[in-house]
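Worksheet: the structure to be examined is printed underneath.
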Amino acid sequence: MSLSATPIAVILEDPILAATEPKFPATRLALQNFDMTYGVQFGDLWPSIRVSLLSEQKYGALVNNFASWDHVSAELEQLNARDFVNKAPSHGELEPENGQTTASFPASSDCSPNLRCFTFTKGDVSRFPPARLGSLGVMDYYLMDAASLLPVLALGLQPGDTVLDLCAAPGGKTLALLQTGCCRNLAANDLSTSRTGRLQKILHSYVPQDIRDRSQVRVTSWDGRKWGELEGDTYDRVLVDVPCTTDRHSLHEEENNIFQRSRKKERQMLPMLQVQLLAAGLLATKPGGHVVYSTCSLSHLQNEYVVQGTIELLANQYSIEVRVEDLTHFRKLFMDTFSFFPSCQVGELVIPNLMANFGPMYFCKMCRLT
């Protein structure tokens, strides 16, 4: 399960050669790595995904329900954007497949409620203006990759839920969790104190003080791998949005790029870290509760393999049974907005596409049974 860089990235140990050899930027090493691994993984689809990853990303505008949301929504509609969450077909409108009736799909309550996110239609590359401070003293909307909202929607929050966001920073998904109005308690954690500082700024910009207090939002900087020991069997819903190769970032930004040579070992250890975090999230969940695992990577080593490996780990070491939930209906609900990879073994994967340049975003929902 090595995610090592390509042979061209290997430096000979001779100090003279090391001093004179050209310094390849991390973005170039990332692209070489992706061409090797994703070229095999996606075959004929890779050239299309590749050019999309290298092109400008599309964004969505998550409406702030703590602002004048109806006024904000009307302004976004005037830009010819649409609310992809609430404009999606209802489950009753989904076409049957393989002779099945639409009744086999989960009820609409399977999605976390009250979320509004506007996007421009497929092929429309318009940009949203920067968010601004509204009349109620909080920002009107939050710009994010709209695919990043899918793990929060998949979590299926219900009123009064206790919720854990295990790897919360920079804070877009945490903000979305609060927008649902369902969190009785919300624990937002990230190991990095600088990143939790960023999260705090977002909460202060978008959420009024009384709401933060009422939702009992608790921001911490603990080691997420130990959460099962700290607060086992505690939460109704857990989001585990793990550190990953952040594929789009790795192709565009030198700063904090995991393909820097100094971070090679960290990159190779990512799948193990991801398994540890997902296992901790599942251990922190009550029996009968739900976990959504997500990454912004295309790598099946960081996606399906991590889910399957973690489920085996919990069964063998803790005698805990975990069931993967079917999210096929999500692909059907949001196919007008996103491009989905049709062949995931478990979970769903949004792949970048020039007509709908969101993602990558992998997400998989699990239920802890015991």
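The values are calculated or read from the model by the stated rules, or taken from the named source; none is laboratory data. Here the structure is a predicted model, which means the values were calculated and not measured. Heads up, the Cβs are rebuilt from the backbone with ideal geometry, glycines too, and the neighbour counts pull from every protein chain shown.
Looking at segment 217-273, which of its residues are under 28 Å from residue 347 (Cα atoms), hydroxyl-bearing (Ser, Thr, Tyr) and outside any helix (DSSP H, G or I)?
Of everything in segment 217-273, those that are under 28 Å from residue 347 (Cα atoms), hydroxyl-bearing (Ser, Thr, Tyr) and outside any helix (DSSP H, G or I) turn out to be 234, 235, 245, 246.
Any idea which of (1) free of Cβ contacts under 8 Å to residues at least 60 places away in the same chain; (2) surrounded by fewer than 17 Cβ atoms within 10 Å (Cβ to Cβ) is the one residue 287 doesn't satisfy?
Condition (1) is where residue 287 drops out.
Which residue pairs have Cβ atoms closer than 7 Å, lie 6 or more positions apart in sequence or on different chains, and pair a first residue in segment 270-281 that is farther than 11 Å from residue 314 by Cα with a second residue that is in a helix (DSSP H, G or I) and among the charged types (D, E, K, R)?
277/225
In the list 146, 169, 188, which residue meets the criterion of being farther than 22 Å from residue 367 by Cβ, surrounded by 15 or more Cβ atoms within 10 Å (Cβ to Cβ), at pLDDT below 95 and within 16 Å of the chain's Cα centre (by Cα)?
Working: 146 fails: at pLDDT below 95; 188 fails: at pLDDT below 95.
So the residue among 146, 169, 188 that is farther than 22 Å from residue 367 by Cβ, surrounded by 15 or more Cβ atoms within 10 Å (Cβ to Cβ), at pLDDT below 95 and within 16 Å of the chain's Cα centre (by Cα) is 169.
From the residues in segment 43-54 that are in a helix (DSSP H, G or I) and closer than 16 Å to residue 296 by Cα, which one is nearest to the chain's Cα centre (by Cα)? Even if it seems obvious, please write down each step before you answer.
Our first condition is that a residue be in a helix (DSSP H, G or I); within segment 43-54, this holds for 43-53.
If we keep only those that are closer than 16 Å to residue 296 by Cα as well, we get 49-50, 52-53.
Working: 49: 18, 50: 20, 52: 18, 53: 16 Å.
Selected residue: 53.
Restricting to segment 45-76, name every residue that is under 28 Å from residue 344 (Cα atoms), crowded, with 17+ Cβ neighbours inside 10 Å and either of a type in the set (Asp, Glu) or touching a Pro at 6+ places or on another chain (Cβ under 7 Å) (or both).
Correct list: 49, 52, 53.
From (1) part of a loop (DSSP other than H, G, I, E, B); (2) modelled with pLDDT under 95; (3) surrounded by fewer than 18 Cβ atoms within 10 Å (Cβ to Cβ), pick out the condition that doesn't hold for residue 80.
(2)
Which numbered condition in (1) in contact (Cβ under 8 Å) with a residue 60 or more places away in the chain; (2) surrounded by fewer than 16 Cβ atoms within 10 Å (Cβ to Cβ); (3) aromatic (Phe, Trp, Tyr) is the only one that residue 222 fails?
That leaves (1) as the condition not met.
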